[in-house]
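To keep things clear, I will list the structure first and then write my remarks on it.
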């Protein structure tokens with residue numbers, strides 16, 4: 001399934017794509033929650049119920065996508081944990097002048113960083129080196145504590161496309177990454193959550209970034225060092241993951257600071273990030 005969140009006539013809800021132009025409003029079609037995190041908390045039963053609704057869609061619950069205002073599939077109001085993995089592509093580590101880590105390098109963004117397709121990226125005060133990073137994002141499907149790699153996919157609901165916005169000057173000057181990674185709107189996601197049954201191998205997806213139409217990143221998740229099962233095992237060994245939590249899996253080479261000379265984002269720039277089988281999101285930088 002391709003799950004999404006939206007506003008229709010002032011009402012927030014979630015749905016599943018019937019085709020490229022139509023969406024089934026799951027809250028209207030059946031007794032389903034209107035938020036993605038609440039839906040994911042229903043677990044396998046919720047997924048099965050949604051699939052049944054898609055098999056025989058209620059006509060009154062079918063909406064035209066052109067009439068919807070698309071949101072990020074999981075919002076800041078749902079307060080998910082946003083866990084990120086640094087230096088998870090060897091060639092990105094090389095362009096960063098860093099060695100490949102021996103184990104996943106984990107950091108976090110606050111949930112207030114989340115935004116969706118078409119939302120503006122707010123350039124923070126005194127920014128000078130704003131950068132882009134396309135990432136495959138794992139969406140957790142149920143509570144996970146100390147999960148073994150062999151069972152990791154049981155805890156994955158699906159995947160979405162993410163943009164890990166970074167302010168490199170802050171990243172280097174602050175001694176830690178809080179301001180550099182967690183400024184408001186620094187984690188656009190979307191446009192949908194694709195359930196794991198539709199992406200049996202998350203390590204065979206093309207992904208990339210365009211800035212003002214120019215290709216900057218163009219790679220594949222084949223290059224990921226620490227794969228999805230390892231990340232779920234490693235992270236859940238230290239902190240409990242819940243349904244709706246997000247794991248940004250790292251970015252490939254081609255980021256702005258790795259170019260010669262570096263090419264940083266500025267207000268007015270439009271950035272499109274995309275992941276194969278999921279789709280793309282576009283956001284514009286504003287002061």
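Observations on the model:
- Test: residue in the stretch 172-183 that is surrounded by fewer than 24 Cβ atoms within 10 Å (Cβ to Cβ), more than 16 Å from the chain's Cα centre (by Cα) and part of a strand (DSSP E or B): no
- When restricted to residues that are in contact with a strand residue (DSSP E or B) (Cβ under 6 Å, 6 or more places away or on another chain) and within 18 Å of residue 87 (Cβ to Cβ), the stretch 171-186 contains 3.
- From the options 50, 108, 93, residue that is in the same structural domain as residue 259 (by TED's automatic domain parsing) and buried (at least 19 other Cβ atoms within 10 Å of the Cβ): 93
- Selection count, the stretch 229-249, where residues are surrounded by fewer than 22 Cβ atoms within 10 Å (Cβ to Cβ) and not in a helix (DSSP H, G or I): 5
- Meets criteria (closer than 26 Å to residue 113 by Cα and modelled with pLDDT of 95 or more) for residue 79: yes
- Residue 64 vs. criteria free of Cβ contacts under 8 Å to residues at least 24 places away in the same chain and surrounded by fewer than 16 Cβ atoms within 10 Å (Cβ to Cβ): no
- Which listed residue is under 16 Å from residue 92 (Cβ atoms) and at pLDDT 95 or above, from 213, 190, 208: 208
- Of all residues making up the stretch 194-228, the number that are assigned to a helix (DSSP H, G or I), within 17 Å of the chain's Cα centre (by Cα) and either in contact (Cβ under 8 Å) with a residue 60 or more places away in the chain or not assigned by TED's automatic domain parsing to the domain that holds residue 156 (or both): 3
- Within the stretch 55-80, the only residue that satisfies the criterion of being under 21 Å from residue 244 (Cβ atoms), in contact with a strand residue (DSSP E or B) (Cβ under 6 Å, 6 or more places away or on another chain) and part of a helix (DSSP H, G or I) is 76.
- Filter result (touching a helix residue (DSSP H, G or I) at 6+ places or on another chain (Cβ under 6 Å) and assigned to a helix (DSSP H, G or I)) within the stretch 81-110: 95
- Some residue of the stretch 124-131 being surrounded by 16 or more Cβ atoms within 10 Å (Cβ to Cβ), within 21 Å of residue 207 (Cβ to Cβ) and in contact (Cβ under 8 Å) with a residue 12 or more places away in the chain: yes
The values are calculated or read from the model by the stated rules, or taken from the named source; none is laboratory data. None of these values were measured; they are calculated from a predicted model. Virtual Cβ from ideal backbone geometry, glycine too; neighbours counted across all protein chains shown.
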